[in-house]
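For reference, the structure discussed in these notes is given below.
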Amino acid sequence: MKRLLLSLLASVPLACVTHAQTDNPSSAERFAPPSGDLVARENGYWKRTPIPVPDDIVLEVSGILALPGRRLLVTTRRGEMWFIDGAYDENPHPKYTLFASGLHEPLGVITAPPGGYYVAQRQELTRIADTDGDGRADLFETVCKLPISGPYHEYAFGPIMGPNGNLRVTLNVAFGGATQAPGPWRGWMVEITPDGQMTPIAAGLRSPCGFTVSSKGDWFFAENQGEWVGSGRVTHVEPGDFTGHPAGLAWSKLPGSLVKLRPEDIQSTGEPMHEVAKRVPGIKTPAVWFPHTILGISNSGLIEDLTAGKFGPFAGQFYVGDQGQSKVMRMSLEKIKGVWQGAAYSFREGFECGIIRLTMGEDATMFTGETARGWGSVGPKQQGLERLVWTGQMPFELKEVKAEADGFLLTFTQPVDPKTAANPASYTVAGFTYRYHSTYGSAPINRIGCPVRKVVVAPDGLSVRLASVCLREGYIHEVKAAGVRSAKGGEALLHATAYYTLNKIPDGDRIIPIEANEAELCIVPVPPAANLVTAKHPAKVPSDWSNQDGDLTVLLGTQPGLKFDQTLITVKPGTRVRLVFRNADDMLHNFVLCAPGKGQAVGAAALTLGMDGAAKNYVPDTADVLYHTALTQPETSDTIYFTTPTTPGDYDYICSFPGHSVLMKGVLRVQP
């Protein structure tokens, strides 16, 4: 994950995303919380229950194993393993039994067929067992040493056992040094036999906290936004694949590598990844993209729903956790022309802490393992374990979105109202993608609408076929059904939007003809000039200033950990200010000056801009915004010229990029 720094030293701040922040941040310094009404509605269908933890235990869960007899075994970031009994009880008062301690950053646990448990530590894959039956581990057997050189970000996630009985581990790239792969196989998925023989499987992984093998034997991993990764995503992995991050290619020349690409083969052009993949054989594009800040900011655990409907109507689909936004998303997959693709959906928010691990226990009970230390999360707590159980009530939901030759097939969990479902105005479809470049993350690019031309409602009301124009292979398609209502009660969808990654358009019958002017209709418009000079983005020296420096030049920069390098700027009323904002970070940032006390409201409003935010510099249209810079790329700057208010007071300034404002903030103090 993004900087999930684990340590035996409890005093060291830990993080789950790329920039560490203050340890134990206050409840005011969180990412924007979800709608209370939405969380309450979700809870009526999937009940969330926190599992109490004794005050003397720090349960920063990093791995969960559901054992027979309604028992759990968890690993923690502090190097401990705990048995938990009573977590399934209606009103849980669980018993915790320490099984092992002194481990180094264990990030997963599974049962070991020889006896005991396999655990991936930072430096090795270990088999841990209790051989004398006293309930405490006494065997710590090194199965395989993992390559490690020292940087704190060298995590080892897993293990997961494959159908062949071998174990797979994913190795995080190492940040903070001259190279992100200082040791062999960093940024790779590796396979390890029970006798300790390691084989590198695939390269191009960045921060692959969550991965799994499906019931059909296919491997998938969840990736975090960062350099070379425009947004969160899930990718199908086969031997020899390169999945996008080039750091690990430094070792593709070694004996045993199944990957043929070399570092020089990958250039930072800023094109969409699927376009680069057409020219560079060997690049594996994602199966499903998760739009950043909409469906998570730090994707984590990944599990398949094998409950045969006991957990709800989404059997066979996948659930993906998220650390920063304390939520669980949903994903459906299909294979078109030999390529995996599918859709991502919202599922359940409102958890108490950032989610690292998911597992499905007995009685179709999902458990979430959580931590926030070092980074923070929407959930207010620093650690925890929660469970999720379907109440048996059927929500009105988009059950699944599948691709058709000229659009999409939407299925629902309940019959739809035929009048609203048949109305094309009930739907919107738009396509977009992300840049593939060395810069940290990407704003959405090449966004165009895909007008809905025809709607066909199935006789049973459980599915709708949409026909649209301007669909593009390789693009994410935002499919909204906000106007559809249920046949019984006229209820709105619990979650009305899906994001479908259309890697391949399937063959088949069309329900609309190809339009003669479709090529002209579907030209990507010139991107909005987000950097244009406006009243609130005053990037030109005002004509009535006698010099370009005004009365005061303010040089404002950034620091790691989502911080401005100044948090208090003092000026007099009516001061003519030349403000130079330089982004020295590796993430996108801006400067937004707000009315007194309105910084967090503006930051929250920026979150609602969704896919259109980039074109607006993630600055909402509100009178609470006084002035702002453009959204600046790493190692770039923007200069604005403005006159300070004449009314004394403390004027908030923030970075309004989604999720940043709660930590990246300061005050412009206008003194009499």
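We did not get these values from a lab; they are worked out from the coordinates using the rules stated. Treat the numbers as computed from the prediction; the structure is a model and nothing was measured. Cβ: placed from backbone, ideal geometry, glycine included. Neighbour counts: every protein chain shown.
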FRET efficiency for residue 540 and residue 669, using Cβ-Cβ distance with R0 set to 22 Å, rounded to 0.05: 0.25
Karplus couplings for the stretch 423-429 from phi (6.51 cos²θ - 1.76 cosθ + 1.60, θ = phi - 60°), rounded to Hz, Gly and Pro as x? 8, x, 5, 6, 10, 9, 9
Positive dipole terminus of the stretch 55-390, leading residue within 236, 172, 116 (C-beta point charges): 236
Here the percent of antiparallel bridges among DSSP beta bridges lying wholly in the chain, to the nearest 5, is 95
When only alpha-carbon atoms count, how far does the stretch 552-670 stretch along each of its three principal axes, as whole angstroms with the largest first? 37, 28, 22
Formal net charge of residues neighbouring residue 314 (Cβ-Cβ distance under 13 Å; K, R +1; D, E -1): 0
When the helix-only estimate is applied to the chain (DSSP H runs of n ≥ 4, each -39,500 (n - 2.57), divided by the residue count), what is the mean residue ellipticity at 222 nm, nearest 500 deg cm²/dmol? -1000 deg cm²/dmol
Neighbourhood net charge (12 Å Cβ-Cβ; Lys/Arg +1, Asp/Glu -1) for residue 439: -3
Unit-weight point scatterers at every alpha-carbon of the stretch 294-450, Debye formula, q = 0.09, 0.13 1/Å: log10 I(q)/I(0) is -0.37, -0.76
Would you mind getting me the FRET efficiency between residue 635 and residue 454? Use the beta-carbon distance for r and R0 = 51 Å, nearest 0.05. 0.60
Packing-wise, with mean Cβ within 10 Å as the measure, how do 654-660, 210-216, 314-320 rank, highest first? 654-660, 314-320, 210-216
Residue 548 paired with residue 214, simple spin-label distance in nm, labels 7 Å along Cα-to-beta-carbon: 5.7
Given 0.36 nm per residue, what is the gain on full extension from residue 488 to residue 519 after removing their alpha carbon distance, in nm? 7.1 nm
Using +1 on the beta carbon of Lys and Arg, -1 on that of Asp and Glu, and nothing else charged, what's the dipole of the chain about the Cα centre, debye to 20? 820
Mean 1/r over distinct Cα pairs of the stretch 68-140, inverted to a Kirkwood Rh in Å, yields 12.7
Which pairs break 19 Å Cα to Cα here: 216/399; 402/480; 335/402; 536/616; 337/480; 216/335? 216/399; 337/480
Can you spot the lysines whose alpha carbon is less than 17 Å from residue 327's alpha carbon? Ignore those fewer than 8 places along the same chain. 2, 47, 381
Give the Cα extents of the stretch 398-520 along the principal axes, in whole Å, largest first. 50, 35, 22
Relative to the compact-globule estimate 2.2 N^0.38 Å (N residues), the Cα gyration radius of the chain stands at a ratio of 0.97
Using only the alpha-carbon atoms, what does the stretch 288-364 span along each of its principal axes? Please give whole angstrom values in decreasing order. 39, 33, 17
Furthest towards positive pole of dipole, 76, 418, 87, structure part the chain, Cβ charges: 418
